[in-house]
1. Of the conditions (1) surrounded by 17 or more Cβ atoms within 10 Å (Cβ to Cβ); (2) modelled with pLDDT of 90 or more; (3) not β-branched (Val, Ile, Thr), Ala225 clears all except one; give me its number.
2. Could you check region 140-211 for helices (runs of 4 or more DSSP H) lying wholly inside it with 2 or more residues that are modelled with pLDDT under 80, out of contact with any Gly (no Cβ under 6 Å at 6 or more places or on another chain) and surrounded by 12 or more Cβ atoms within 10 Å (Cβ to Cβ)?
3. Residue by residue through region 254-272, note down the ones that are crowded, with 23+ Cβ neighbours inside 10 Å and either of a type in the set (Gly, Ala, Ser) or without any contact (Cβ under 8 Å) to a residue 12 or more places away in the chain (or both).
Amino acid sequence: MRRRVIGTSLAVLAGLALSGAARAQDAGGQKQAEGEQHAQFVRLAREGDSIVALETAIVRFAARDPGRTTPTVDLIAAVHIADKSYYEQLNRRFEQYDAVLYELVAPEGTQIPKGGEGTGSSHPVSVLQRMMTGVLDLHYQLQGIDYTKKNFVHADLSPERFAESLKRRGESMWTILFRMMGYAMAQGDEAGSTDARLLMALLDPNRALALKRIMAEQFQDLDGALSAIEGPDGSAIITDRNKAALEVLKREIDAGKRKIAIFYGGGHMPDFAERLGTDFGLVPIETQWLTAWNMK
């Protein structure tokens, strides 16, 4: 039982790191054309049998009809804890956009100070994410991203609307965590097989790197964990927040913005990709990859 609890805890923590990132697969090329195929947003890069990087995608969407002029929308999959260099690279990239739509369940008009000072939420998910930054020698997204830029646009539910959505669906953040834990425990021996390796990692001279490699393996089946969170009609944490973000996207397009980014957790991206196709007539045309966790 103890082994299963350890393995389950790692799986849940991995989900928190990516906010339920989907489809973590092995890496191919650094840049690829997407066409009509399903976009991938998170992957593991390997050298031989070793995991050397956790990578996230920037997937560009454009009009399906080449003769149609329309804004481009980049889905930028976020990792909520990552290397400092990852957030520095994102900050530079964000400068090229007319608007960067970002996630944060907060009242309209909330300002995130540079460096995230004073933004430490007491919510269990936020507390766990901050704890992981110390254990894994990583940085927290709210501290690494500069949200003070003029092109940053809040595109999420307010706490009141989010609470209403949870209530309407009979959900809570605790039930979502329990669903993730239940899914991880249902994997049986796989959840317990990390016990000995975890103990070895804790004794490793480079503990943070060893722990990151173990946790990175948990991303392999986060697609299944995400399906455990999402019901047949979606969920408050993914579906309803995405709908709110796309309302803001429509508003920004109507205001004349031509180059737009949606910067959200990786777990939101498959739903965003589907809705960009059905609601906006956009398809993925190109993917670029960034290294979020360098594990060389």
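The values are calculated or read from the model by the stated rules, or taken from the named source; none is laboratory data. As the structure is a computational prediction, the values presented were derived from the model and not from experiment. Positions of Cβ are generated from backbone atoms using ideal geometry, with glycine treated the same way; all protein chains shown enter the neighbour counts.
1. Going through the list (1) surrounded by 17 or more Cβ atoms within 10 Å (Cβ to Cβ); (2) modelled with pLDDT of 90 or more; (3) not β-branched (Val, Ile, Thr), Ala225 breaks only (2).
2. Numbers: elements: 141-144, 159-169, 173-186, 189-192, 195-203.
Of the helices (runs of 4 or more DSSP H) lying wholly inside region 140-211, those with at least 2 residues that are modelled with pLDDT under 80, out of contact with any Gly (no Cβ under 6 Å at 6 or more places or on another chain) and surrounded by 12 or more Cβ atoms within 10 Å (Cβ to Cβ) span 173-186, 195-203.
3. Ala261, Gly265, Gly266, Gly267
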